[in-house]
1. Can you give the calculated 222 nm mean residue ellipticity of the chain, where each DSSP H run of n ≥ 4 adds -39,500 (n - 2.57) and the sum is split over every residue, rounded to the nearest 500 deg cm²/dmol?
2. Which far-off residues, 5 or more places away or on another chain, put their amide H under 5 Å from the one on Lys281, with H placed in the peptide plane?
3. If I compute solvent accessible area with a 1.4 Å probe over the protein chains, what percent of it on the chain is carbon and sulfur?
4. Give me the Kirkwood hydrodynamic radius of segment 163-304 in Å, from all C-alpha pairs, to one decimal place?
5. Whole-Hz ³J(HN,Hα) for each residue in segment 62-70, computed from phi via Karplus 6.51 cos²θ - 1.76 cosθ + 1.60 with θ = phi - 60°, x for glycine and proline: what do you get?
6. Taking every pair of distinct Cα atoms and averaging 1/r, then inverting, what Kirkwood hydrodynamic radius in Å comes out for segment 82-237?
7. Output the Cα-based Rg and Dmax of segment 125-172 in Å, rounding Rg to one decimal and Dmax to a whole number.
8. When the scattering of segment 2-132 is computed by the Debye formula from its Cα atoms alone, each counted once and equally, what is log10 I(q)/I(0) at q = 0.17, 0.22 Å⁻¹?
Amino acid sequence: MKESVFFGSEGLTSTSANYYANVAQEMIQAATERLNSVKFYQISVASIGGGEKQLMTVGQTSLDFIKDDLEKSAEMNSFCAWVREAIKKKEELISCTTAYSIEKWARENNVEIPEQPQYPDSPIKADEKEVMDSWDANKRNKYLRLEAFASTYGKYIHPKGAFSKARKDVHAAENCPIYREGTGRDLILYYQDPTIKVEDVDTMFMSLQDTYRSYEKELNAMKAELKETVNKLDMTREREYQDRVAEFKADYERYNSKMQEFRSQFNNWRTSEQERISQLKITLPTNLLGIFEEIRKQGDPSSK
């Protein structure tokens, strides 16, 4: 991590720098009070009846201290600003180390972190359309043809279909060859004569029914095959998915074990780096050494 201009191998600790900054503030306050209380005249008082004047307030007799106090206050403010910035910078460096990511640490130290394994996607459920799309033209055409023939025959011989209705009607005509409507002079007789033998109609119905059942049987066989193929495809995909899950778990265990090693190295680096930063000494520019010596003498009674 790049060092700052504030630090060096020799200088002040953060604690000492903060202490001397506080001492400097006290000295600045004292100088400020002197500067703010300047008075360039004095006041005396005497009774109107005469007598000697009594001095009440004293005015400055020299201006020499003003520039000296201003210079020293400015120098001490400069010292405080420097050490405060240095302490702030040290805190920033420690915070930066705390926020350091293991990925950034790895890049800067040429450490190759393994890629985290990804949990496999769930298998896509198979459906009849997918299986039918895999059929060749002949098989696909056979299925569609069986559907068409079974549907056509089925609708025609259905109890509500045209042939079943006509068959029912011819049976009724045979059982009731004559029926009438109206009465008296308005009486009308209707004669129902089958144009095809009822037996032939029944025979045709049974033949159509057998044909329908033949198509339906063959179609149902293909539908059963279709369903079985879908189920087998689903089972194959599920088995392959479980194999991928098992492989993922093994890969993740190896990944996690390796990452624990890297995290341990990273945490050790971060701890040592923060310790190193905390031990950095705050250096003082040459132009602050003089005022620091005065501050140090003020703050260290043993040096007076």
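The values are calculated or read from the model by the stated rules, or taken from the named source; none is laboratory data. Bear in mind the structure is a predicted one, so any value in this text is a computation, not a measurement. Every residue, glycine among them, receives a Cβ derived from its backbone with ideal geometry; neighbour counts consider all protein chains shown. With ligands, DNA and RNA removed, areas are computed over all heavy atoms of the protein, side chains included. Shrake-Rupley method; radii C 1.70, N 1.55, O 1.52, S 1.80 Å.
1. Calculated at 222 nm, the ellipticity per residue is -23500 deg cm²/dmol.
2. Gly8
3. Summing carbon and sulfur atoms, their accessible area is 51 percent of the total for the chain.
4. About 27.5 Å for segment 163-304.
5. Coupling constants for segment 62-70: 9, 9, 5, 6, 5, 5, 5, 5, 5 Hz.
6. By the Kirkwood definition, the hydrodynamic radius is 24.2 Å.
7. 17.1, 54
8. Those come out to -1.03, -1.25, one per q.
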